[in-house]
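The values are calculated or read from the model by the stated rules, or taken from the named source; none is laboratory data. None of these values were measured; they are calculated from a predicted model. Quick reminder, even Gly has a Cβ in these numbers, built from the backbone with ideal geometry, and neighbours come from all protein chains shown.
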Amino acid sequence: MMNQHLTEQVFTLVRELYQYGVHEVVISPGSRSTPVAIACEAHPKMKTYIHPDERSAGFFALGLIKATKKPVAILCTSGTAASNFTPAVSEADLSQLPLVVLTSDRPHELRNMGAPQAIQQVNMFQSFTKFQSDFPLADGEALTIDMIENTIMQASQYFYGPETGVVHFNLPFREPLLPDLSLKHLMYTGKKPLVKYNKQFDVSIVKPILKETNGVIIAGDCQNIDLSEMLTFSTIHNIPIIACPLSGIRHTMHPNVITTGDHLFKVMQDIEPGFIIRVGKAPVSKSTNQWIKKQNVPQILIQSQTLPKYFPKMPDLYLEMSPNDCFRQLSNLEVSTSKQWLNLWQKMNDIAIHEIHLYQLQVNDEGSIYPQLFEQMTNEDVLFFGNSMPIRDADSFFVKYKGLPYCNRGANGIDGVVSTALGMAAHKKVTLFIGDISFYHDMNGLIMSKLDHIDINIVVFNNNGGGIFSYLPQSEEEQYFERLFGTPLDLDFSHTAKLYDFNYVKYNVFDKITLPTSGRNIIEIKTDRNDNVIAHRSLTEKIKAAIEDAAKK
């Protein structure tokens with residue numbers, strides 16, 4: 001019996017290894033490694049060597065690397081077979097040789113329960129590797145294939161250049177282990193490997209992409225990154241910039257900056273550009289990321305880091321450089337974006353902003369509070385947002401205001417938000433927007449404000465629980481939702497203010513709120529989770545209706 005999901009996964013693995021320069025593999029025979037061994041042998045261009053002794057096979061591969069100056073893979077079955085690679089792996093590490101170690105493994109359900117040939121193989125070479133990954137089981141999930149492509153792309157930076165070294169992929173497989181050889185075409189079809197260029201790149205490689213009609217720039221998370229040359233490039237070539245709140249350019253009021261992308265992509269996922277230039281890490285907006293993922297047009301990703309953070313979709317071209325360096329070099333190229341295309345985005349942006357303004361005047365919920373707080377900011381003020389709802393509300397409502405938004409969007413966790421904001425407040429004027437659970441999670445961090453006399457405004461949106469979950473499918477499970485996800489804490493934060501010597505004031509959603517201009521202040525605002533969900537979804541429907549009405553005129 002043949003396993004189609006396993007076939008697709010293994011053939012993708014071998015294809016990507018070959019495309020990134022692994023053209024030779026030394027195979028030590030075994031059962032669990034069957035799918036990869038057959039795939040390597042069946043690949044029309046992969047050179048295979050069969051060596052029955054894993055310890056010797058590893059060193060044989062090192063000889064191949066020394067002779068060719070190219071990466072070479074070694075493959076074994078599960079259990080102690082993998083352990084026998086250790087001497088060669090340690091030698092490859094110290095010699096900086098690009099050895100790609102493929103250890104087949106038992107599936108997760110057979111680990112640590114006495115199954116034969118099952119030892120702990122995850123991270124077993126961690127003292128010697130530059131990169132390692134425990135692959136998922138073949139389950140037919142499309143994201144699994146994306147993960148394999150991305151993982152090998154990331155690991156490939158250690159195949160050549162000054163940072164060469166050992167890469168380890170642990171590959172768990174369920175039976176049946178035989179791949180379907182009628183699908184061999186999967187090993188030599190698919191996307192080309194991601195091409196990476198640094199600041200020395202030849203701008204001519206970008207010309208074919210920019211000649212496509214009507215492109216867009218997606219400015220994602222670019223905290224502390226100068227994007228001034230991107231704004232100039234956009235002005236010259238009439239390119240709309242869909243700006244994440246963490247792009248740091250919404251406050252510029254630049255006419256090409258589209259500040260309502262999250263709303264627009266919720267109601268118009270079908271709009272198609274000719275190309276996409278992505279700058280920085282992924283935007284906050286889920287709807288924007290969904291739109292990026294579904295587009296089948298050329299995409300360029302610009303980030304100043306060795307490992308591209310490519311989510312939500314692998315780009316066609318990766319430029320490892322600062323945005324300013326990049327756009328300065330691109331500014332003189334011919335771009336086919338029209339003034340009408342830019343005007344379309346500007347018109348839709350204006351419609352969405354108008355509906356948001358009406359929402360602020362007519363609705364009393366968390367969303368309506370944000371604009372009145374934003375109106376009290378200057379361009380020098382730091383707006384620090386907690387994860388979950390605050391940063392998403394920033395995306396929704398920070399559309400035409402002053403201030404510099406920041407957030408911990410590396411791991412997107414709720415922990416440490418208070419402490420991070422206080423660290424910034426030691427040097428900047430900071431207003432922290434945070435939910436009640438996230439605030440509770442890092443209340444101990446408030447001690448630094450007391451000990452070092454650090455001024456800060458902390459706006460706590462207290463909806464008595466995890467507001468973000470009310471927007472997710474879990475909310476439909478009424479029997480379990482409140483206890484497992486809503487998690488009401490029933491806390492009175494006035495006691496927190498007393499404990500840490502903060503000023504304290506409490507508001508309801510329909511109150512006019514004034515932020516103090518100095519001091520250490522906790523501003524607690526009582527809101528309702530269910531009302532927030534209803535109001536937010538109503539705003540989306542109103543923006544959709546307004547855009548549809550405008551299209552008819």
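Restricting to the range 419-473, and then to whatever is small (Gly, Ala, Ser) and at pLDDT below 90, can you tell me which residue is surrounded by the fewest Cβ atoms within 10 Å (Cβ to Cβ)?
Per the criteria, the residue is GLY465.
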**Request:** Please determine, by comparing only the residues of the range 331-347 that are at pLDDT 90 or above and in contact with a strand residue (DSSP E or B) (Cβ under 9 Å, 6 or more places away or on another chain), which one is farthest from LYS544 (Cα to Cα).
**Result:** TRP341
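Residues checked against (1) part of a helix (DSSP H, G or I); (2) aromatic (Phe, Trp, Tyr); (3) within 24 Å of the chain's Cα centre (by Cα):
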residue	(1), (2), (3)
LEU94	yes, no, no
LEU97	no, no, no
PRO116	no, no, no
MET124	no, no, no
PRO136	no, no, yes
ASP139	no, no, yes
ASN150	yes, no, yes
**Asked** Taking ALA73, is it touching a strand residue (DSSP E or B) at 6+ places or on another chain (Cβ under 9 Å), hydrophobic (A, V, I, L, M, F, W, C) and not in a helix (DSSP H, G or I)?
**Response** yes
**Prompt:** Does the range 168-187 contain any residue that is among the small types (Gly, Ala, Ser), farther than 20 Å from SER104 by Cβ and either touching a helix residue (DSSP H, G or I) at 6+ places or on another chain (Cβ under 8 Å) or assigned to a loop (DSSP other than H, G, I, E, B) (or both)?
**Reply:** no
**Request:** From the list GLU8, GLU24, GLU41, pick out the single residue that is under 20 Å from ASP134 (Cβ atoms) and either among the acidic types (Asp, Glu) or not assigned by TED's automatic domain parsing to the domain that holds GLU91 (or both).
**Result:** GLU8
**Message:** Every residue in the range 274-298 that is over 15 Å from the mean Cα position of the chain (by Cα) and surrounded by 22 or more Cβ atoms within 10 Å (Cβ to Cβ), please.
**Reply:** PHE275, ILE276, ILE277
**Item:** Output for the range 219-233, where each listed residue is among the polar types (S, T, N, Q) and either under 23 Å from TRP291 (Cα atoms) or modelled with pLDDT of 95 or more (or both)
**Value:** GLN223, SER228, THR232
**Request:** Would you mind stating whether THR540 is in a helix (DSSP H, G or I), closer than 26 Å to LEU264 by Cα, of a type in the set (S, T, N, Q) and touching a residue at least 12 places away in the same chain (Cβ under 8 Å)?
**Result:** yes
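Conditions tested, residue by residue: (1) closer than 13 Å to LEU13 by Cα; (2) at pLDDT below 95; (3) in the same structural domain as GLN9 (by TED's automatic domain parsing).
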position	(1), (2), (3)
GLN121	no, yes, yes
THR129	no, no, yes
THR144	yes, yes, yes
MET147	yes, yes, yes
PRO162	no, yes, yes
GLY165	no, no, yes
GLU175	no, yes, yes
LEU183	no, yes, yes
